[in-house]
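A.B. asks: What follows is a single structure, and I will ask about it in a moment.
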Amino acid sequence: MDSHAFFRGRRLRRSQTLRDLVRETEIRPHDLIQPYFAVETDDKNFEKPIASMPGQSQLSVDKLAERVAKAVDLGLRAALLFGIPAEKDEVGSGGYAENGIVQQAVRRLKKDFPALCIVTDVCLCEYTSHGHCGLLSSQGEVKNDPTLDLLAKTAVSHARAGADIVAPSDMMDGRVLAIRQALDADGFKDLPVMSYAVKYASSFYGPFREAAESAPASGDRKAYQMDPPNSREALREAAADLEEGADILMVKPAMPYQDIIRLLRDNFDTPIAAYQVSGEFAMIKAAAANGWIDEDRAIMESLLGIKRAGADIIITYFAEDVLKMLQ
Ligand code: PBG
């Protein structure tokens, strides 16, 4: 048979060296952001494992600093912080308190690890007694415009504590503009906003809500987060956030929405982040714990898919594990 008659793709797959030479996509330590959960507590040694997220824990600020120290030694470059306040109220005041839990955690981590990029999640759901991402009306509806002020206050308080990037995840309309204006007015013109621009109302956030104790007490988030069947709407959301001043656009969740990551990649020149959320993490962990899949290979394959789809940045609970694998 004439060797030009058909494509012999196997020629370049015959050894690891050959495969590495023609590798198109790479997961690098500086692509990854590891999320952490900081708890407001007097117990300096507080560590509570999250049952549905094996290996992840709620941590006191001191314990968090210990854990981050190990991750930084492995090469961690960026972290995303969530806070669990000692007390919650109707208006989520713990979220924008000068000495709130995220603000405390940011100050500590910036002191210990000045080079670590600290991203803060800007939202009210961990701080409100009703668990919604904004203020509730007496009819139980999340009020958009009155919430914007509080989100802007939250972002400014994170910036004052030393955050390097603020990441609004609430899905209120107009919040990027409100946050951008408030940051500029407070002297933070150079602080980037990473917007959860395309965030779907997803079943894959289940384990996170256990981790952050932020499940809505009644109802769901469908009136503000995006409807999973829609992709044209994702372009609209992304364009709006860019116009309002977002520097990085995020798609969330990641694996079931790789078409959306690609859609944004092909339509915008801005950096794109993808969030491999708690449920995606839990699925891989659970299958691996049962011996049904090879954990390390499944982790890498999932991240390569997200990267191939067009993400520049991946937020993943596997970041620490991947850094170990890449050592
Ligand atoms: C807060 C927020 C959520 C997540 C990130 N920020 C939960 C939600 O919207 O219900 C989910 C992250 C994850 O599942 O890992 N609004």
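A.B. asks: Checking Gly245 against (1) surrounded by 19 or more Cβ atoms within 10 Å (Cβ to Cβ); (2) closer than 26 Å to Phe82 by Cα; (3) more than 16 Å from the ligand (Cβ to nearest atom); (4) among the small types (Gly, Ala, Ser), which test does it fail?
C.D. replies: (1)
Here is a yes/no grid of residues against (1) within 24 Å of Gln58 (Cα to Cα); (2) buried (at least 17 other Cβ atoms within 10 Å of the Cβ):
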position	(1), (2)
Asp184	no, no
Val193	no, yes
Tyr196	yes, yes
Pro228	no, no
Ser231	no, no
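A.B. asks: Additional query: Test Val251 against the stated conditions and say whether it is of a type outside the set (Phe, Trp, Tyr) and within 14 Å of the ligand (Cβ to nearest atom). Reasoning before the result, please.
C.D. replies: Values: of a type outside the set (Phe, Trp, Tyr): yes; within 14 Å of the ligand (Cβ to nearest atom): yes.
So Val251 passes the test.
A.B. asks: Would you point out which residue out of Glu280, Glu210 is outside any loop (DSSP other than H, G, I, E, B), within 13 Å of the ligand (Cβ to nearest atom) and either basic (Lys, Arg) or modelled with pLDDT under 95 (or both)? Give the derivation first.
C.D. replies: Details: Glu280 fails: either basic (Lys, Arg) or modelled with pLDDT under 95 (or both).
That would be Glu210, the only listed residue that is outside any loop (DSSP other than H, G, I, E, B), within 13 Å of the ligand (Cβ to nearest atom) and either basic (Lys, Arg) or modelled with pLDDT under 95 (or both).
A.B. asks: A further question follows. I'm trying to understand the selection: among the residues of segment 111-167, which are open to solvent by 30 Å² or more (accessible area, probe 1.4 Å), touching a strand residue (DSSP E or B) at 6+ places or on another chain (Cβ under 8 Å) and part of a helix (DSSP H, G or I)?
C.D. replies: Hit for segment 111-167 is Pro146, nothing else.
A.B. asks: Still on this model: Name the residue that is nearest to Val251 (Cα to Cα), counting only residues in segment 299-319 that are open to solvent by less than 20 Å² (accessible area, probe 1.4 Å) and away from the ligand (no atom under 13 Å from the Cβ).
C.D. replies: Step one: filter segment 299-319 for residues open to solvent by less than 20 Å² (accessible area, probe 1.4 Å), giving 299, 302-303, 305-306, 309-311, 314-319.
Then keep just the ones that are away from the ligand (no atom under 13 Å from the Cβ); that gives 299, 302-303, 305-306, 309-311.
On the way: Ile299: 19, Ser302: 15, Leu303: 14, Gly305: 14, Ile306: 10, Ala309: 11, Gly310: 11, Ala311: 9 Å.
Of everything passing the filter in segment 299-319, Ala311 is nearest to Val251 (Cα to Cα).
A.B. asks: Give me the pairs, please: first residue somewhere in segment 261-290 and free of Cβ contacts under 8 Å to residues at least 12 places away in the same chain and over 17 Å from Pro192 (Cβ atoms), second residue anywhere and of a type outside the set (Lys, Arg) and assigned to a helix (DSSP H, G or I), beta-carbon distance under 8 Å, and either six or more positions apart or on two chains.
C.D. replies: Correct list of pairs: Ala287/Ala298; Ala288/Glu295; Ala288/Ala298.
A.B. asks: Does Glu47 satisfy the criteria of being out of contact with any helix residue (DSSP H, G or I) (no Cβ under 7 Å at 6 or more places or on another chain), over 22 Å from Gly162 (Cβ atoms) and at pLDDT 95 or above? Can you show your working first?
C.D. replies: Details: out of contact with any helix residue (DSSP H, G or I) (no Cβ under 7 Å at 6 or more places or on another chain): no; over 22 Å from Gly162 (Cβ atoms): yes; at pLDDT 95 or above: yes.
Considered against the rule, which asks whether it is out of contact with any helix residue (DSSP H, G or I) (no Cβ under 7 Å at 6 or more places or on another chain), over 22 Å from Gly162 (Cβ atoms) and at pLDDT 95 or above, Glu47 comes out as no.
A.B. asks: State whether one or more residues within segment 205-220 are under 23 Å from Ile313 (Cα atoms) and exposed (fewer than 14 other Cβ atoms within 10 Å of the Cβ).
C.D. replies: Within segment 205-220 (the criterion being under 23 Å from Ile313 (Cα atoms) and exposed (fewer than 14 other Cβ atoms within 10 Å of the Cβ)), the answer is no, since none of the residues qualifies.
A.B. asks: Taking segment 22-37 as the region of interest, how many residues are assigned to a loop (DSSP other than H, G, I, E, B) and either open to solvent by less than 50 Å² (accessible area, probe 1.4 Å) or in contact with a Pro (Cβ under 7 Å, 6 or more places away or on another chain) (or both)? Working first, answer last.
C.D. replies: We begin by selecting, within segment 22-37, every residue assigned to a loop (DSSP other than H, G, I, E, B); these are 22-28.
Narrowing further to those that are either open to solvent by less than 50 Å² (accessible area, probe 1.4 Å) or in contact with a Pro (Cβ under 7 Å, 6 or more places away or on another chain) (or both): 25, 27.
Count: 2.
A.B. asks: Now for a different question. Starting from segment 168-189, keep only residues that are among the acidic types (Asp, Glu), then list their pairs with residues that are more than 16 Å from the ligand (Cβ to nearest atom) whose Cβ atoms are within a distance under 7 Å, requiring at least 6 positions of separation or different chains.
C.D. replies: Asp186/Val156; Asp186/Ala159
A.B. asks: For Asn45, only one of the following conditions fails: (1) outside any loop (DSSP other than H, G, I, E, B); (2) over 15 Å from Glu126 (Cβ atoms). What is its number?
C.D. replies: Only one criterion in (1) outside any loop (DSSP other than H, G, I, E, B); (2) over 15 Å from Glu126 (Cβ atoms) is unmet by Asn45, namely (1).
A.B. asks: If you don't mind, another one. What do you reckon, is Gln103 more than 16 Å from the ligand (Cβ to nearest atom) and open to solvent by 40 Å² or more (accessible area, probe 1.4 Å)? Outline the logic, then answer.
C.D. replies: Numbers: more than 16 Å from the ligand (Cβ to nearest atom): yes; open to solvent by 40 Å² or more (accessible area, probe 1.4 Å): no.
The answer is no for Gln103.
A.B. asks: Still on this structure: Please enumerate the residues belonging to segment 44-88 that are in contact with a strand residue (DSSP E or B) (Cβ under 7 Å, 6 or more places away or on another chain) and among the acidic types (Asp, Glu).
C.D. replies: Glu47
The values are calculated or read from the model by the stated rules, or taken from the named source; none is laboratory data. The structure presented is a predicted model; accordingly, all values stated were derived computationally and were not measured. All Cβ positions, even for glycine, are placed from backbone atoms using ideal geometry, and neighbour counts span all protein chains on display. SASA here: full protein model, heavy atoms, side chains in, ligands and nucleic acids out. Shrake-Rupley method; radii C 1.70, N 1.55, O 1.52, S 1.80 Å.
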